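The values are calculated or read from the model by the stated rules, or taken from the named source; none is laboratory data. The model shown is predicted, which means the values in this text are computed figures rather than measured ones. Here Cβ is always computed from backbone atoms with ideal geometry, including for glycine, and neighbour counts include all displayed protein chains. Note: accessible area is taken over every heavy atom of the protein model, side chains too, but ligands, DNA and RNA are not part of it. Shrake-Rupley method; radii C 1.70, N 1.55, O 1.52, S 1.80 Å.
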Amino acid sequence: GLKKYRGRLLPEPIFLEIYKIAVLTTVEIAPLIEDGGSIKILLTKRRADDSTWPGLYHIPGTILRSSDKTGGFSDAYKRILTGELKNTKLLSQPILVAPIFRDLGRGKEVTLLHWVLMKNRPSVGQFFEINNLPKNIIKPQIKYIKMALKHFKANYKN
């Protein structure tokens, strides 16, 4: 059975079937940077062989795992900041914007949307103006990017 996968990543076919019957929780971080007086967002691309969104831009994120330490989201933050964002230097810690309950087609999830202000440009992804996002983006994330920017502008004090 599934016992052998406790605390480990599931093979994608099993993961996609579980996604259809359970609501999963994700942590997503909208990485922002100040650039010449404007705020830009860093988006990364899904793999070309991704089964749901091949080659589309997205906000970096991760699914919470049963092996993550409880009491916060430090393990999820670490996976995103050291994995997807390659140890980017930060000017802020991840700041929670809102929980979002959504249906992504492959299944339902609760996304804990955050923003973070970066100090440097990482070696991954591409920066975009908020009002000039790429056409090949996971469409619901456009709304979340705008939510993150609005929250940043209302709450960031440097």
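With a point put 7 Å past each Cα toward its Cβ, work out how far ARG121 is from ARG102 in nm, to one decimal.
2.7 nm
Which lysines have a Cα lying under 21 Å from the Cα of LYS20, excluding residues fewer than 8 positions away in the same chain?
Within the straight-line cut-off, LYS20 pairs with LYS3, LYS4, LYS108, LYS139.
Can you give the accessible area of GLU17 in Å² (nearest 10), computed on protein heavy atoms with a 1.4 Å probe?
100 Å²
What trypsin sites (Lys or Arg not before Pro) in the range 93-144 are in a loop by DSSP, with at most 14 other Cβ atoms within 10 Å of the Cβ?
ARG106, LYS119, LYS135
By how many degrees, between 0 and 90 and to the nearest 10, does the Cα long axis of helix 140-155 differ from the longest principal axis of the chain?
On a 0 to 90 degree scale, this one is about 50.
Per residue of the chain, what 222 nm ellipticity follows from adding -39500 (n - 2.57) for every DSSP H run with n ≥ 4, rounded to the nearest 500?
Only helices count here, giving -6000 deg cm²/dmol.
Can you give me the Kirkwood hydrodynamic radius for the range 34-108, using every pair of distinct Cα atoms, in Å to one decimal?
14.8 Å
What full-extension length gain, to one decimal in nm, is calculated for LEU10 and LYS69 as 0.36 nm per residue of separation minus the Cα-Cα distance?
Difference between extended and current length: 19.4 nm.
Take every Cα pair under 8 Å in the range 1-64 that's 6+ residues apart, average their separations, divide by the length, and report that relative contact order as a whole percent.
30 percent
Quick check: net charge around ILE142, other residues with Cβ under 14 Å of its Cβ, Lys/Arg +1 and Asp/Glu -1?
+4
Just to confirm a number: summing +1 for Lys and Arg and -1 for Asp and Glu over residues other than GLN93 whose beta-carbon lies under 14 angstrom from that of GLN93, what do you get?
Around GLN93, the charge tally is +4.
Helix 12-21: angle to the longest alpha-carbon principal axis of the chain, degrees 0 to 90, nearest 10?
90 degrees
In Å and from the alpha-carbon atoms only, list the Rg and Dmax of the chain.
Expressed in Å, the Cα Rg and Dmax of the chain come to 15.8, 54.
Work out the length of the dipole vector of the range 1-103 about its Cα centre, built from +1 on the beta-carbon of each Lys and Arg and -1 on the beta-carbon of each Asp and Glu, and round it to the nearest 20 debye.
For this selection, approximately 440 debye.
Return the carbon/sulfur percentage of the accessible area of the range 1-101, one whole number, probe 1.4 Å, all protein chains in place.
Its accessible area is 55 percent carbon and sulfur atoms.
What are the semi-axes of the equivalent ellipsoid for the range 102-158, taken as the square roots of 5 times the Cα gyration tensor eigenvalues, largest first, in whole Å?
Equivalent ellipsoid semi-axes, largest first: 22, 16, 12 Å.
Rolling a 1.4 angstrom probe over the protein heavy atoms, how many square angstrom per residue are accessible across the range 100-158?
57 Å²
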